[in-house]
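The values are calculated or read from the model by the stated rules, or taken from the named source; none is laboratory data. Quick caveat, the model's predicted, so the values are computed rather than measured. Cβ sites come from the backbone with ideal geometry, for glycine too, and all protein chains shown count toward neighbours. All accessible areas refer to the heavy atoms of the entire protein, side chains included, with ligands and DNA or RNA removed. Shrake-Rupley method; radii C 1.70, N 1.55, O 1.52, S 1.80 Å.
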Amino acid sequence: MSDETYHIRVRRGHHKRLRFWFAPVDDKIMNARADWLDDAELSCDNICAKEMLYPLIRKHFPGEFQWRTELNLMPFENALKMAKELKNVAKLLKRNYDDPRLTAYKKHFSIDLLVNADEYEEKYAHATTLAKKQAVEERVDLIVEFYRTVADYLEKTVAEYEPKGFHSFAIYAPH
């Protein structure tokens, strides 16, 4: 797989191999009177989500986030704040990668999240820290695309499901 075709894996719907999930919930789902809406889920690569999304989830999550549970409920209001921050970070990454406001976000970025395993072993396994940081910067569009995809999903899902009585996202994350 070449650099031009590599993407951080994120898909609409329930995908078992992508094990970091967002799903809109209402009281019926929470009280086991309705099934989960698999088609309404967003499935993300769990390693990329843990490294690149979790710092934002932790910031916007009410209470303590629990790994390996489906009962991590993030109210739609908090999710919209997170979506706004994701979009702002994405814009800043594109405009000025060296902006000091990005330091906390960038510390979780790693080249092994942005290339396939073969390319990593061939080009980066023994590279210097500086070379790895430069490689991440060269692939910042992958992170921007990932952040925008998640932010768009959160905003569109709230717009679609809040009028139907849904109030939160259940976030499931293996550790």
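Here residue 106 is the anchor, and the lysines within straight C-alpha reach of less than 24 Å, apart from those fewer than 8 places off in the same chain, are 50, 59, 81, 84, 87, 91, 94, 123, 132, 133. Projected onto planes of every orientation and averaged, the convex hull of the alpha-carbon atoms in the stretch 47-106 covers 4.5 nm².
Measuring with a 1.4 angstrom probe and ignoring ligands and nucleic acids, residue 143 comes out at about 0 Å² accessible.
For the chain, the alpha-carbon coordinates run over 53, 31, 28 Å along the three principal axes, in decreasing order.
Heavy-atom accessible area with a 1.4 Å probe sorts 28, 59, largest first, into 59, 28. Residues in the stretch 1-142 average 60 Å² of solvent-accessible surface per residue, probe 1.4 Å, ligands and nucleic acids excluded. The aspartates and glutamates within cross-link reach of residue 164, meaning a Cα-to-Cα straight distance under 12 Å and a gap of 8 or more places when in the same chain, are 26, 27. For the stretch 9-82 and the stretch 154-175, write down the distance between their C-alpha centroids in whole Å. Going from one Cα centre to the other spans 8 Å. Dipole magnitude for the chain: about 440 debye, using +1 per Lys or Arg Cβ and -1 per Asp or Glu Cβ, origin at the Cα centre.
Remark on residue 41: its backbone amide H falls under 5 Å from those of 13, 14, a criterion applied only to residues 5 or more positions apart or on other chains, H modelled at 1.01 Å from N.
Note on exposure: 164, 87 ranked by accessible area (1.4 Å probe, complete protein assembly) read 164, 87, with the most exposed listed first.
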